[in-house]
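Notes follow once the structure below has been shown.
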DNA sequence: GAGTGTATTACTTCGGCATT
DNA sequence: AATGCCGAAGTAATACACTC
């Protein structure tokens, strides 16, 4: 537990400064109010706070600066709030679950593969400090579940479809690729520093991706989908992609426009809602869907 | 007395080292 | 590995001194 304290502390600091800028003294009071006991104490020295400010900048891309005229620390550049909130939420759930063993009957969890979040803390540290890491990676695609040893340069963590991925440069072929956290075992963080690739911006790379598959060679495509009225409500409240734009919203259909790469994972997402959605554009995607459905039908036509 | 340059003050910031 | 303490360096605001 104590290992994750700094993450919680970061959240407290960010939330406080977001709601209102304040001096270090006020912030300390705020942290003291949220401390429970000696085991969960968020009161820290000035020096640690200064280090936290830097870490918050590195991890969350939130700039905190001191403004002398009002004796306050202020967030001058805030990252995408949704993103940081989401990141924090995940950690909070993770923390809550590890505390609440006594409530195990009252909290019903989906039965799924572990997400590999136990490595998250270590990986965040490695990303922050530019340390190379070793791990064993298990492929799902290969039939024999081949396990390989990897040495990679961790660049970013990314969540996609309820799974977490490490975006890292594989030293074997110098290519940047995602590794599912749940497929990583025997994580070993080395002390070997690497140079962060200049100009690499994970946010930018995944901007037009639906999930974890990237396609940097082709430009993203305009995709128009027509959802049924009922399914539309879900899509409205839980957009597929940040580029989602509403075109039609009436009792007949909910039509949206997206700008992304129609990768395999996107195709699967569309197929998962069956007849509730129809691809209007582009025709190539429409064709792919039809092909898939024909192949599916074929499986039952004996 | 306004304007300008300089010294002082009161801070933050940051690296190094010790402690846990 | 995370944190705290210390001291050096840096800096913005203020006070002071000087000139015109």
Practice problem: Output the number of residues of segment A:215-227 satisfying the condition of being in contact with a helix residue (DSSP H, G or I) (Cβ under 8 Å, 6 or more places away or on another chain) and surrounded by 17 or more Cβ atoms within 10 Å (Cβ to Cβ). | Solution: 3
Exercise. Return the pairs, sorted by first residue and then second, in which the second residue is in a helix (DSSP H, G or I) and away from DNA strand C (no atom under 14 Å from the Cβ), the first residue lies in segment A:63-76 and is closer than 13 Å to residue A:20 by Cα, the beta carbons are less than 8 Å apart, and the residues are 6+ apart or on different chains.
Key: A:64/A:17; A:64/A:57; A:73/A:17; A:74/A:17; A:75/A:14; A:75/A:17; A:75/A:18
Self-check item: Options A:206, A:200, A:196; residue that is over 19 Å from the mean Cα position of the chain (by Cα) and either within 27 Å of residue A:154 (Cα to Cα) or surrounded by 14 or more Cβ atoms within 10 Å (Cβ to Cβ) (or both)
Solution: A:196
Quiz item: Do we have residue A:185 as away from DNA strand C (no atom under 16 Å from the Cβ), farther than 24 Å from residue A:241 by Cβ, out of contact with any helix residue (DSSP H, G or I) (no Cβ under 6 Å at 6 or more places or on another chain) and modelled with pLDDT of 80 or more here?
Solution: no
Quiz item: In the list A:209, A:243, which residue meets the criterion of being within 17 Å of residue A:270 (Cβ to Cβ) and outside the structural domain of residue A:289 (by TED's automatic domain parsing)?
Solution: A:209
Practice problem: Test residue A:14 against the stated conditions and say whether it is in contact with a helix residue (DSSP H, G or I) (Cβ under 9 Å, 6 or more places away or on another chain), within 16 Å of DNA strand C (Cβ to nearest atom), within 26 Å of residue A:239 (Cβ to Cβ) and modelled with pLDDT of 80 or more. | Solution: yes
Quiz item: For residue A:236, are the conditions met, namely being free of Cβ contacts under 8 Å to residues at least 60 places away in the same chain and in a helix (DSSP H, G or I)?
Solution: yes
Practice problem: Find all pairs meeting these conditions: Cβ atoms under 8 angstrom apart; at least six residues apart or on different chains; first residue within segment A:184-199 and within 16 Å of residue A:167 (Cβ to Cβ); second residue more than 15 Å from DNA strand C (Cβ to nearest atom) and at pLDDT below 80. | Solution: A:184/A:116
Quiz item: outside any helix (DSSP H, G or I) and modelled with pLDDT under 80 - does that describe any residue in segment A:150-159?
Solution: yes
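The values are calculated or read from the model by the stated rules, or taken from the named source; none is laboratory data. Remember, it's a predicted structure, so these values are computed and weren't measured experimentally. Don't worry about glycine lacking a Cβ; one is built from the backbone with ideal geometry, like all the others, and counts go over all protein chains shown.
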